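Notes follow once the structure below has been shown.
Every number in this text was worked out from the coordinates using simple rules, so none of it is lab data. Quick caveat, the model's predicted, so the values are computed rather than measured. Cβ coordinates were reconstructed from backbone atoms using ideal geometry, including for glycine residues, and neighbour counts include every protein chain displayed.
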Amino acid sequence: MTTYLQRFNATPETQRWPLVRDWIFNEALPFFAELRADRPVLAMPEVTLAAGFNDCIDILRRHDLFSVALYKPKQGDYWMAQDDTAIHWREKSIMRAILDFEELPDIRTFVGTKAASLLAAANGSIDAVGGLTRAVPLALVQERFGFTHSDAAEMSRWSYWNQIDAFWNQPFDVLAWPDPAKIVQEREAANLAMVVYLAALVAIREGEVKLGAAGHDSVSRLVRLSQSGGVTFDIKRVILNVGGLLIGAVETTSHAVVNALQFLLSRPDILPQARAAAHSDDAAAIDGYVYEALRFRPAFPYFFRTVEQDTVLGRGTPHEAPVTKGTTVLAVTQSAMFDPVALPHPDDFDPGRGPGNQFHFGYGLHECLGRAIAAVMIPEIVRQALRLNGLTADAVDCKGGPVPESWAWHWG
């Protein structure tokens, strides 16, 4: 039987990336194991893959060498599309400050109550994506972040097209789409509608703040800060960052919840223990099962960066390889989370493993802004699902795209 690399070497150069991309999404773990052992830096004209833990850490930590330049055409002047700039540091700090750590227990309670109520109302049958995994973070955005008088379906559309265009419609993804330009158009149309809503929302909050009638939701906090003059943060920047709250909250949460549940439901050796943890009085008892499941099946198998100056990957190893300025590199973090350099017995499912040396929320300067909230929201939605009696699930339907779009559940 031929190995992955033998098949790769025998494939014409122009057809190698489509072949590798298919392996990443359909045969990830055995393919990555071979890469780590025999060719941890895999170069192609479109992208260069880095499969080892140390290289992934280096890529995500060294924003001076490996930038997020590919974000800018999708996200414009948003801080996430910048590396070491004043806007990035100031606005990411602001957004972290208004997403209070102290509120995490209340947020988990809100998420659990909302998920349980949606499942109870479904009466034994639900499209889990539309009715749960997207619906819960949408409710969080509406009720706790302050997106009042909003339409959940419209908000989902705004989040969806921004996520699809930024993270799944890059130049190296062109093979995956019949019409990449159509996705850009959908994102631009979604943003026009979103800005109209957000401008009106922020204007209302401005009036409430001036009258001393504003609440403590995230939008109100941002408006108060802007009006204080204490930092450089005008209303245009407020609107941009409020939009980021929505875009970052919904689709990635949904994808992670689906992947974790799909993995746990497929493992009869693990599922009974996970269900027992879900029924525990300690809500956090399920967390290790969820994050270990996401190690095996993450929402994002890699993070992409642009090489800003000639450098090398695999420095000091027999696999040291040069990468030139302008190269797109994929830090294949799914592979890195199975590297024995980083984790003991990485092929074992260990719910007590803990979060160290993992990449569920990224790493380095561009670590996920909402890491703390997602870290309780994702496992709590999974927890409520695993408490259902007799849950059965059809195959996840991605409708030809990269993210879960529909998932039929039944229970009795």
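Within the range 312-329, if we keep just the residues that are farther than 18 Å from Ala37 by Cβ and in contact with a helix residue (DSSP H, G or I) (Cβ under 9 Å, 6 or more places away or on another chain), the residue that is surrounded by the fewest Cβ atoms within 10 Å (Cβ to Cβ) turns out to be Arg315.
Select from the range 141-168 the residues that are farther than 20 Å from Gly131 by Cα, over 12 Å from the mean Cα position of the chain (by Cα) and part of a helix (DSSP H, G or I) and list them in ascending order. Selection gives Asn162, Asp165.
Can you list the helices (runs of 4 or more DSSP H) found entirely within the range 174-256 that contain at least 2 residues being farther than 19 Å from Ile98 by Cβ? Spell out the reasoning first.
On the way: elements: 180-210, 218-228, 235-249.
Passing ranges, in order: 180-210.
Within the range 186-211, the set of residues being hydroxyl-bearing (Ser, Thr, Tyr) and under 20 Å from Ser228 (Cβ atoms) is empty. The set of residues from the range 323-336 being part of a loop (DSSP other than H, G, I, E, B) and within 20 Å of the chain's Cα centre (by Cα) comprises just one member, Val332. Filtering the range 185-203 to residues that are touching a residue at least 40 places away in the same chain (Cβ under 8 Å) and either in contact with a His (Cβ under 7 Å, 6 or more places away or on another chain) or of a type in the set (A, V, I, L, M, F, W, C) (or both) leaves Met194, Val195, Leu198, Ala199, Leu201, Val202.
Quick one: is Gln170 in contact with a Leu (Cβ under 6 Å, 6 or more places away or on another chain) and closer than 30 Å to Glu46 by Cα? Steps first, please.
On the way: in contact with a Leu (Cβ under 6 Å, 6 or more places away or on another chain): yes; closer than 30 Å to Glu46 by Cα: yes.
Yes; evaluated as a whole, the condition is true for this residue.
State whether the residues of the range 337-347 include one that is more than 22 Å from the chain's Cα centre (by Cα) and either among the aromatic types (Phe, Trp, Tyr) or over 19 Å from Arg36 (Cβ atoms) (or both). Taking every residue of the range 337-347 in turn, none turns out to be more than 22 Å from the chain's Cα centre (by Cα) and either among the aromatic types (Phe, Trp, Tyr) or over 19 Å from Arg36 (Cβ atoms) (or both). Do you know which residues across the range 72-114 are of a type in the set (Phe, Trp, Tyr) and either touching a strand residue (DSSP E or B) at 6+ places or on another chain (Cβ under 9 Å) or not in a helix (DSSP H, G or I) (or both)? Tyr78, the sole residue that qualifies.
Criterion applied to Gln15, Gln6 was being assigned to a helix (DSSP H, G or I) and closer than 22 Å to Gly314 by Cα, and the one residue passing it is Gln6. State yes or no: is Gly362 on the phi > 0 side of the Ramachandran plot, of a type outside the set (Asp, Glu) and under 14 Å from the mean Cα position of the chain (by Cα)? Answer is yes for this residue.
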